[in-house]
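Heads up, the thing below is written out as structure tokens.
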Amino acid sequence: MATPLDAFTVQQMISLALKDAGVIGVGQTALAEDNNDALTRLNMIMAQWARKRFLVYQLVNLVKASTGAETYSVGPGQDFDIAVRPDRLENGCFFRQLIQSSPNQVDYPLELLESWEDYNRVVLKQLQTFPMYVFYDPGYPNATVRFWPVPQASIYEMHILVKGNVLTQFANLATKFGLPNEYFLALELTLAENLRTAYRLPADPALSARAKEAREVVRGANTALARLRMPPEMVRPGIYNPYSDQIN
């Protein structure tokens, strides 16, 4: 009787991967060392995939009321509390004014500053007023986020968008798979690719093609493209009419 994908254990996935890689044959059982090494490699793959936007199926919105501070920490038990510190912010960060009565509180988008070089161009970093930008410094184990201008205390609610902690490490071989079904084949075949390299076996073009196709299915399932917007500085407001001294 076939096992449903949501009932598969990591051990069962690893056994399939070892067979697809050609490390073991039908009816053979892998050594404990082989299983444990494969689990380590599987968790390495999960750690890599957790940083790739379209291999992560969920974004999460982290919220913190403004305190007037220049910086806020991001990580486990920090100002923005999340189990594993994100590698970056995603487009879609915003802040909410709290001075209006609910439910008519207004949200304003924040523009991302992508690098320290961009943030260092800010002349007056301590300026406190209506925020417009957000800069993320991905330190470890905790990151730091800076809003500019600095949001005043208790007036705003700051929202940052990050990849969710959905691609977590598997604790042991008995762990249930616990991911959307489309991930199973992609992870199993990707692990098989890695195992062929680990056991010094020659590349298998058919296996690599199947693994790539399976990963593309996951990317397609997770793809969510924002509406295209033209940068304001590239939009011409109109054509100047010298006779009327107006822009038409």
Any residue that is touching a Lys or Arg at 6+ places or on another chain (Cβ under 8 Å) and outside any helix (DSSP H, G or I) - is there at least one of those in segment 29-42?
no
Cβ-Cβ under 8 Å pairs, at least 6 apart or on other chains, segment 120-140 side surrounded by fewer than 14 Cβ atoms within 10 Å (Cβ to Cβ), far side part of a loop (DSSP other than H, G, I, E, B) and of a type in the set (D, E, K, R)
K125/E70; Q126/E70; G139/R85; Y140/R85
Pull out all pairs, ordered by first then second residue, where Cβ-Cβ is under 8 Å, the residues are six or more apart or on different chains, the first lies in segment 17-37 and is on the phi > 0 side of the Ramachandran plot, and the second is assigned to a loop (DSSP other than H, G, I, E, B) and not β-branched (V, I, T).
G22/L201; G22/D204
Options L55, L42: the member that is over 20 Å from A224 (Cβ atoms), crowded, with 18+ Cβ neighbours inside 10 Å and in contact with a helix residue (DSSP H, G or I) (Cβ under 8 Å, 6 or more places away or on another chain)
L42
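Among residues belonging to segment 172-181 that are out of contact with any strand residue (DSSP E or B) (no Cβ under 8 Å at 6 or more places or on another chain) and either among the polar types (S, T, N, Q) or modelled with pLDDT of 95 or more (or both), point out the one that is surrounded by the fewest Cβ atoms within 10 Å (Cβ to Cβ).
N172
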How many residues are under 18 Å from the mean Cα position of the chain (by Cα) and part of a loop (DSSP other than H, G, I, E, B) when one looks only at segment 127-144?
5
Is it the case that V84 is modelled with pLDDT under 95 and within 25 Å of the chain's Cα centre (by Cα)?
yes
Taking the residues in segment 182-227 that are under 22 Å from N43 (Cβ atoms) and of a type in the set (S, T, N, Q) as candidates, determine which candidate is nearest to the chain's Cα centre (by Cα).
N222
In the set R227, R200, R215, which member is over 22 Å from N36 (Cβ atoms) and in the same structural domain as R41 (by TED's automatic domain parsing)?
R215
How many residues does segment 5-18 hold that are within 17 Å of R196 (Cα to Cα), surrounded by 18 or more Cβ atoms within 10 Å (Cβ to Cβ) and not polar (S, T, N, Q)?
4
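The values are calculated or read from the model by the stated rules, or taken from the named source; none is laboratory data. Just so it is clear, the model here is predicted, and its values are computed rather than measured. Every residue, glycine among them, receives a Cβ derived from its backbone with ideal geometry; neighbour counts consider all protein chains shown.
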